[in-house]
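The values are calculated or read from the model by the stated rules, or taken from the named source; none is laboratory data. Predicted, not measured: the structure shown is a model, and the values here were computed from it. Positions of Cβ are generated from backbone atoms using ideal geometry, with glycine treated the same way; all protein chains shown enter the neighbour counts. Remember, those area values only see protein heavy atoms, side chains included, never the ligands or the DNA or RNA. Shrake-Rupley method; radii C 1.70, N 1.55, O 1.52, S 1.80 Å.
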Amino acid sequence: CGVTSGLNLWNKSGWDDLRRFSFSLGAHGVVGLIQGYLTANVVEGDNLKHKLLSVYKPATYTNLLEQMYQVKTPPWDTLNHGDWLCEPCIIQLLRAHLHLWFLQCKRERGDEIHEDCWYGYKCRTQRHSVHHAGRLNHLCEPTR
């Protein structure tokens, strides 16, 4: 990214330490990185927050970051676990992929994935309509 970070760079070897040394990447900080209105989704919001908070044990936090590499999209698709990233870049990586990670978790559990909402994670209706939130997938990019 071009930011001068000195020795404040992170890769897989230090991910467990990152959760302890960074306020932004602590348990509640990561919940705040979820895009759009997903945490206010009346059907999935609490599940998403609970899933994220449950990964704040050392092994599972490292697993969360590893799983980000399985769902990464451009411009992140050339990264690998050994690449050194500054904290702002890790925050951007998480912000861009947390909803995709949760969608992948749902797929792995065998949950039904509904048709995508046109407004994706930016949909405001998911905050107050149980019918709308339960009928459409909001863990996707907005197309409108």
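Worth a mention:
- Mean sequence separation of contacting Cα pairs (under 8 Å, at least six apart), scaled by the length of the chain, corresponds to a relative contact order of 30 percent.
- From phi via Karplus (6.51, -1.76, 1.60), per-residue ³J(HN,Hα) for region 38-44 in Hz, x at Gly/Pro: 4, 5, 9, 4, 5, 9, 9
- Distance histogram for region 37-109 (every C-alpha pair counted, 10 angstrom bins, percent rounded to whole numbers): 18, 52, 27, 3
- Region 11-50-region 55-108 distance, computed between alpha-carbon centres (Å): 11
- Local electrostatic count at GLY82 - Lys and Arg +1, Asp and Glu -1, tallied over other residues with Cβ under 13 Å: -1
- Net charge dipole size for the chain [Lys, Arg +1 and Asp, Glu -1 on Cβ; Debye, nearest 20]: 340
- Distribution of pairwise C-alpha distances over region 83-144, 5 Å bins, in %: 4, 17, 21, 21, 17, 10, 7, 3, 1
- Remark on CYS86: its backbone amide H falls under 5 Å from those of TRP10, a criterion applied only to residues 5 or more positions apart or on other chains, H modelled at 1.01 Å from N.
- The angle between the Cα long axis of helix 58-68 and the longest principal axis of the Cα atoms of the chain comes to about 70 degrees, rounded to the nearest 10.
- Within the accessible surface of the chain, defined with a 1.4 Å probe on protein heavy atoms only, the carbon and sulfur portion equals 52 percent.
- Seen from all directions on average, region 1-54 presents a Cα convex hull projection of 4.9 nm².
- Quotient of the Cα radius of gyration of the chain and 2.2 N^0.38 Å, N being its number of residues: 1.07.
- Its DSSP H runs of at least 4 residues, each contributing -39,500 (n - 2.57), put the calculated 222 nm mean residue ellipticity of the chain at -13000 deg cm²/dmol, to the nearest 500.
- Amide H to amide H, with H built 1.01 Å from N, HIS114 comes under 5 Å of ASN137, counting only residues 5 or more places away or on other chains.
- Per residue value of the accessible surface for the chain (all protein chains in place, 1.4 Å probe), Å²: 56
- Taking the C-alpha atoms only, the angle from helix 87-109 to the longest principal axis of the chain is near 50 degrees.
- Cα-based helix-to-principal-axis angle, 45-54 vs the chain, degrees rounded to 10: 30
- A Cβ-based charge dipole, computed about the Cα centre of region 63-144 with Lys and Arg at +1 and Asp and Glu at -1, lands at about 440 debye.
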